[in-house]
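Reviewing the structure listed below.
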Amino acid sequence: MRLAAAGGASVAERPGPALEFPSPARTIALYAALPLVASAVGLLALGGTAVGVARFLPLAVVDVSLSFLRMTAAYAASLGFALAYGYYAATHRTGERVMIPILDVLQSVPILGFFPVAIYFFVDLTPAVHWLGPNLASVFLIFTSMAWNMVFGVYESLKTLPAELKEASDAFGLKGGLRFRRVLFPATVNRLVYNSVLSWTGGWFFLVEAEIFTTNTSPLAGIGSYLSFAASTGNLDKFLAGVIVLAIVIALLDFLLWRPLGRYAERFRYDTSPSGEGEVVAPVRETGGRFRRAAAYVTRGVRTSVSLISTPLVQLASITVRPVRKPTEFQRSVFYYLALGAILVVVWLMMIAITVSVFRIFTGPISSSVRHQILLLPLAMGASTARIAVAYLICLAVALPLAILVARGPRASRVGLPIIEVVASFPATALFPVIVFELIPYIGPEGAAILMLLTGMIWYLFFNLLAGVRSLAPDLEEAARSFGLGRRQFFRRVLFPGLFPALVTGSITAFGGGWNTLIVAEYLNVGSVHTLSVLGIGQQIDIGYAEAGGLPLMVAALFTLVATVLVINELLWKPMYRRAAERFRYD
Amino acid sequence: MALIRVDDVGKSFPGRHGTITIMQEISFEVKDADFLAIVGPSGCGKSTLLRLIQGLDRPTSGSISFRGTPVTTVCPQMAMVFQSFALYPWLTVAQNVAFGLEALEWPKEKIDAQVERYVSVTGLDGFQEAYPRELSGGMRQRVGLARALAVEPAVLLMDEPFSALDALTAESLREEILQLWGDPALPPEAVVLVTHNIEEAIQLADRVIVMSRRPSHVLEEVVVDLPRPRDRKSDAFYALTDRVYSLITEGGGPTAGPAEPKPSPPQV
């Protein structure tokens, strides 16, 4: 017997074609107009000539193509790595305990600081083929800017795969390749596409640096070195031609690849949310083999060593400043930040002491000028931290209203978002020479450094906040409206608390971007005349790299920076993240 | 011979303060042509029991066998219908229905024919290429049902299949399940339904296993010997529902005996 065909059941919507392009004409116009307008503004403002620019276009196309190949190679490697690493970490408990903390550290340390080391390594690795080493190095460096967030994407989407989907695949006996093809891989697609966009954005940002850094040892043709040379020789036409071609390529990629892919990937989101009786959920088993325990000890050890330094200091701080009355929230937070500052200073001194003594033992005495620089490190690190904090506040002041505007206004979203997306994925590093070139007379070196930091931080904050505003549960907003909440109250009681988790995530990633950008934002040589150099940890790393016998300085600076990032992650962001997850989540 | 034999099964999990026992001393049989319902209060482990039966999870004590062979891994002769449908959002209706058949490595043409058949049996004609998110809840559960039936299981396991649906949709789907059940040409030789809806159990099943609160055990096995289709307004139907209801609300302590004498059901 047949069931009555779809009697009471109704269909929400007929399936449409797989890929849809809403009003393609308008979008194309928008995308075409963007680079044109940008270049026109550039020409007018900076005094280039159209003929001159046209002359350099072919060269720019070749160089952008070379860079694009590098990006593609790095992306392919990242994709493969992300799937393998993420899959293994998500499905093997033992691996997970070690792999995820490692990834956590890899993601938060400023990779840019390790560029010089990586270049030496890859160039030495392939001495026979002279072009291979630098290319491998630059692909590897781009890879480091792409891979981690994709790994997290794979790992998290596999970990959050609804239990019933896993169970159904077990129940129907799917194994091996079929299981991967039908269940596990599709489960990662949505996040992978989303994170790939971020990875390409980050990749372009790093590509410029990768090629410039690499060219110190041997020339590497690409849009990064092209722009850098154009800027350093003061060739404005050449520079503009490069910027225009790069902007067009980025806009095309966004329009032809990422937007359609993004729409396609929507399908891979699991949003069936049944309301059911709460069954007993099996508690997670904490038992395991010897290896599992060993792995747990290793990761715990890493964490303990950080808290070993920090906990007594926090306690010390809270003892010395213990007030008679119960401290207010504000006082508590002030004490907390003071304690955090004290911890950082101690950690910095420790890092310096360790590096210096290691170098003393293994390589002999350190030259007095380098020693002098090393002693400056705590001051430099403090200056950098302050600089990042200022840049962060500016970012917040811009990104928050912008995100609310774009997310809540349909028009702003339709017109503004594509523009912002292309602008955001254009590598600001390519413009750094111009910032140094043109703006230092107006805003000073300090202002230029902060401006460059801004460009490396703001988009992380903006896109996280945007996602936050968008994912705000509509019934919360409806409830607010039905209770007649005013505009101000709505912002205070609904929007900001609702945004808090996104704000925390955005801040963490923005700071990550900031630490990375430090390396170029504090010390930049454009040609022989224009040099930017402000006291900071990025500057010290660069000086250590450039100066003869500067290796101890570079290593000490790197350690100081990494330690700072880890301490701030552990003592500031993670507690805040946990709080956000507990108090402000709505599901 | 019994199709499924659940023999003195217990299940417990290690908790923070010692072991948490979900169920203990559970024994019953599923016979050929049996429509068995398992009812019990929230959290009594009904769904866990269903998962133990298919071999998705292993019991802590006791044993479960299917046609005399102990169930140690996932049993391919059983198929599950999930409360939350558990449809893959990236697969079309047809691909979701083909899901289990691909795992059985059927040849492509055979899969296509089978999918076509069960899509049509469950009233999904014309929706083969739709994605789950484009379907209403009732339609989604039809896909879940088609996916389970397509592998032609000996036993169909249903875990609260109607509780995520609205009352009207659930009612019409229940009736359609009964019509299906009445068709000897269609696969399952037996059905095990887990539900917390007592009326639903009595409307559909031949026998109802009533479980107690946690740590749960079988309170009683109630035989429903009413002819189908069952009139829910009849006295006999009401008496049965009332009996199961009192069993659940009154029985329940870990060591309580099977059935205390029940007050006679009030007349309507």
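Taking helices (runs of 4 or more DSSP H) as the structural unit, those lying wholly within the range A:471-577 and holding at least 1 residues that are of a type in the set (Asp, Glu) correspond to A:474-482, A:537-546.
Among the listed residues A:Ala282, A:Ala231, A:Ala294, identify the single one that is surrounded by fewer than 18 Cβ atoms within 10 Å (Cβ to Cβ), aliphatic (A, V, I, L, M), touching a Phe, Trp or Tyr at 6+ places or on another chain (Cβ under 6 Å) and modelled with pLDDT under 80. Just one listed residue meets the conditions, A:Ala282.
Taking the listed residues A:Ile420, A:Ile435, A:Ile443, the one that is touching a residue at least 40 places away in the same chain (Cβ under 8 Å) and aliphatic (A, V, I, L, M) is A:Ile420, with no other qualifying.
The set of residues in the range A:450-474 being among the β-branched types (Val, Ile, Thr) and farther than 15 Å from A:Phe511 by Cβ consists of A:Val469 alone.
Take A:Glu164 and decide whether it is of a type in the set (Asp, Glu) and over 24 Å from B:Pro153 (Cα atoms). Reasoning before the result, please.
On the way: of a type in the set (Asp, Glu): yes; over 24 Å from B:Pro153 (Cα atoms): no.
Here the answer is no, as A:Glu164 does not meet what is asked.
In the set (1) under 17 Å from A:Gly456 (Cβ atoms); (2) in contact with a helix residue (DSSP H, G or I) (Cβ under 6 Å, 6 or more places away or on another chain), the condition left unmet by A:Val504 is number (1).
For the range B:22-66, which residues satisfy the criterion of being of a type in the set (Lys, Arg) and away from chain A (no Cβ under 14 Å)? Selection gives B:Lys31 alone.
I need a count of the residues in the range A:395-427 that are of a type in the set (Phe, Trp, Tyr) and touching an Asp or Glu at 6+ places or on another chain (Cβ under 8 Å). Steps first, answer last, please.
Filtering the range A:395-427 for residues of a type in the set (Phe, Trp, Tyr) gives A:426.
Adding the requirement that they be touching an Asp or Glu at 6+ places or on another chain (Cβ under 8 Å) leaves none.
Result for the range A:395-427: 0.
Taking first residues from the range A:170-199 that are under 23 Å from A:Ile142 (Cβ atoms) and assigned by TED's automatic domain parsing to the domain that holds A:Phe143 and partners that are among the basic types (Lys, Arg) and in a helix (DSSP H, G or I), the Cβ contacts under 9 Å between residues at least 6 apart in sequence or on separate chains come to A:Val189/A:Arg267. Of the residues making up the range B:201-215, those that are within 26 Å of B:Gln77 (Cβ to Cβ) and either crowded, with 21+ Cβ neighbours inside 10 Å or among the polar types (S, T, N, Q) (or both) are B:Ala201, B:Leu204, B:Ala205, B:Val208, B:Ile209, B:Met211.
Of all strands (runs of 3 or more DSSP E) completely enclosed by the range B:2-103, which ones contain at least 2 residues that are within 30 Å of B:Ser120 (Cα to Cα) and touching a strand residue (DSSP E or B) at 6+ places or on another chain (Cβ under 7 Å)? So that I can check it myself, show each step before the final result.
Working: elements: B:4-15, B:18-30, B:35-39, B:61-66, B:78-81.
Here the list reads B:35-39, B:78-81.
Here's the yes/no breakdown for (1) within 13 Å of another protein chain (Cβ to nearest Cβ); (2) farther than 16 Å from B:Ser47 by Cβ:
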{"site": "B:Leu165", "(1), (2)": "yes, yes"}
{"site": "B:Leu173", "(1), (2)": "yes, yes"}
{"site": "B:Leu178", "(1), (2)": "yes, yes"}
{"site": "B:Ala185", "(1), (2)": "yes, yes"}
{"site": "B:Ile198", "(1), (2)": "no, yes"}
{"site": "B:Ile202", "(1), (2)": "no, yes"}
{"site": "B:Val208", "(1), (2)": "no, yes"}
{"site": "B:Met211", "(1), (2)": "yes, no"}
{"site": "B:Thr241", "(1), (2)": "no, yes"}
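In a helix (DSSP H, G or I) and either more than 30 Å from A:Ala557 (Cα to Cα) or over 19 Å from the mean Cα position of the chain (by Cα) (or both), is that true of A:Ala137?
Numbers: in a helix (DSSP H, G or I): yes; either more than 30 Å from A:Ala557 (Cα to Cα) or over 19 Å from the mean Cα position of the chain (by Cα) (or both): yes.
Here the answer is yes, as A:Ala137 does meet what is asked.
Filter the range B:8-21 down to the residues that are charged (D, E, K, R) and surrounded by fewer than 16 Cβ atoms within 10 Å (Cβ to Cβ), then identify the one that is farthest from the other protein chains (Cβ to nearest Cβ).
Our first condition is that a residue be charged (D, E, K, R); within the range B:8-21, this holds for B:8, B:11, B:16.
Narrowing the set further to residues that are surrounded by fewer than 16 Cβ atoms within 10 Å (Cβ to Cβ) leaves B:8, B:16.
Numbers: B:Asp8: 20, B:Arg16: 8 Å.
Filtering the range B:8-21 for residues that are charged (D, E, K, R) and surrounded by fewer than 16 Cβ atoms within 10 Å (Cβ to Cβ), the one farthest from the other protein chains (Cβ to nearest Cβ) comes out as B:Asp8.
Residues in the range B:97-131 that are closer than 11 Å to B:Val143 by Cβ and touching a Pro at 6+ places or on another chain (Cβ under 7 Å): B:Ala130, B:Tyr131.
Could you run through the range A:158-178 and say how many residues are assigned to a helix (DSSP H, G or I) and within 12 Å of chain B (Cβ to nearest Cβ)? Before the answer, list the steps.
Taking the range A:158-178 first, the residues assigned to a helix (DSSP H, G or I) are A:158-159, A:163-171, A:176-178.
Checking the rest, the ones that are also within 12 Å of chain B (Cβ to nearest Cβ) come to A:163-171, A:176-178.
Summing the residues that are assigned to a helix (DSSP H, G or I) and within 12 Å of chain B (Cβ to nearest Cβ) in the range A:158-178 gives 12.
Across the range B:53-85, the number of residues qualifying as within 14 Å of the chain's Cα centre (by Cα) and under 22 Å from B:Lys31 (Cβ atoms) comes to 6. Summed over the range A:234-256, residues that are at pLDDT 85 or above and not aliphatic (A, V, I, L, M) total 2.
Conditions tested, residue by residue: (1) of a type in the set (S, T, N, Q); (2) closer than 23 Å to A:Ile458 by Cα; (3) buried (at least 16 other Cβ atoms within 10 Å of the Cβ).
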position	(1), (2), (3)
A:Ala521	no, yes, yes
A:Thr531	yes, no, no
A:Asp542	no, no, yes
A:Glu547	no, no, no
A:Leu553	no, no, yes
A:Thr560	yes, no, yes
A:Ile568	no, yes, yes
A:Trp573	no, yes, yes
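Within the range B:92-116, work out how many residues are within 9 Å of chain A (Cβ to nearest Cβ) and touching a residue at least 40 places away in the same chain (Cβ under 8 Å). Residues meeting the conditions: 4.
Tell me whether the range A:396-416 contains one or more residues that are over 30 Å from A:Arg487 (Cβ atoms) and in contact (Cβ under 8 Å) with a residue 24 or more places away in the chain. Talk me through it step by step, then tell me what you get.
Initial filter on the range A:396-416 (over 30 Å from A:Arg487 (Cβ atoms)): none.
Within the range A:396-416 (the criterion being over 30 Å from A:Arg487 (Cβ atoms) and in contact (Cβ under 8 Å) with a residue 24 or more places away in the chain), the answer is no, since none of the residues qualifies.
There is no residue in the range B:141-158 that is part of a helix (DSSP H, G or I), at negative phi, within 7 Å of chain A (Cβ to nearest Cβ) and surrounded by fewer than 24 Cβ atoms within 10 Å (Cβ to Cβ). Quick check on the range A:399-418. Is at least one of its residues touching a Ser or Thr at 6+ places or on another chain (Cβ under 9 Å), within 30 Å of A:Phe239 (Cα to Cα), modelled with pLDDT under 80 and not polar (S, T, N, Q)? Looking through the range A:399-418, at least one residue is touching a Ser or Thr at 6+ places or on another chain (Cβ under 9 Å), within 30 Å of A:Phe239 (Cα to Cα), modelled with pLDDT under 80 and not polar (S, T, N, Q).
For residues in the range B:127-136 being at the interface with chain A (Cβ under 8 Å from one of its Cβ atoms) and out of contact with any strand residue (DSSP E or B) (no Cβ under 8 Å at 6 or more places or on another chain), which is surrounded by the fewest Cβ atoms within 10 Å (Cβ to Cβ)? Spell out the reasoning first.
Taking the range B:127-136 and keeping what is at the interface with chain A (Cβ under 8 Å from one of its Cβ atoms), we get B:127, B:129-136.
If we keep only those that are out of contact with any strand residue (DSSP E or B) (no Cβ under 8 Å at 6 or more places or on another chain) as well, we get B:129, B:131-133.
Numbers: B:Glu129: 12, B:Tyr131: 19, B:Pro132: 23, B:Arg133: 17.
Checked the range B:127-136; the qualifying residue surrounded by the fewest Cβ atoms within 10 Å (Cβ to Cβ) is B:Glu129.
Looking across the range B:187-196 at every residue that is part of a strand (DSSP E or B) and either away from chain A (no Cβ under 13 Å) or farther than 21 Å from B:Ile4 by Cβ (or both), the one that is farthest from the chain's Cα centre (by Cα) is identified as B:Ala190.
Per the conditions (1) in contact with a Leu (Cβ under 9 Å, 6 or more places away or on another chain); (2) part of a loop (DSSP other than H, G, I, E, B), the sole criterion not satisfied by B:Gly126 is (1).
Scan the range A:425-451 for residues that are among the small types (Gly, Ala, Ser) and surrounded by fewer than 19 Cβ atoms within 10 Å (Cβ to Cβ) and jot them down. Explain how you work it out, then say what you get.
So in the range A:425-451, the residues among the small types (Gly, Ala, Ser) come out as A:425, A:428, A:430, A:444, A:447-449.
Once the filter is applied, which keeps residues that are among the small types (Gly, Ala, Ser) and surrounded by fewer than 19 Cβ atoms within 10 Å (Cβ to Cβ), the range A:425-451 yields A:Gly444, A:Gly447.
The one condition from (1) under 19 Å from the mean Cα position of the chain (by Cα); (2) within 17 Å of A:Ile404 (Cβ to Cβ) that A:Asn516 does not meet is (2).
The one condition from (1) at pLDDT 80 or above; (2) in contact with a strand residue (DSSP E or B) (Cβ under 9 Å, 6 or more places away or on another chain); (3) over 30 Å from A:Trp348 (Cα atoms) that A:Val434 does not meet is (1).
The values are calculated or read from the model by the stated rules, or taken from the named source; none is laboratory data. Here the structure is a predicted model, which is why all the values come from computation and not from measurement. Here the Cβ is made from the backbone with ideal geometry for all residues, glycine too, and neighbour counts use every protein chain on show.
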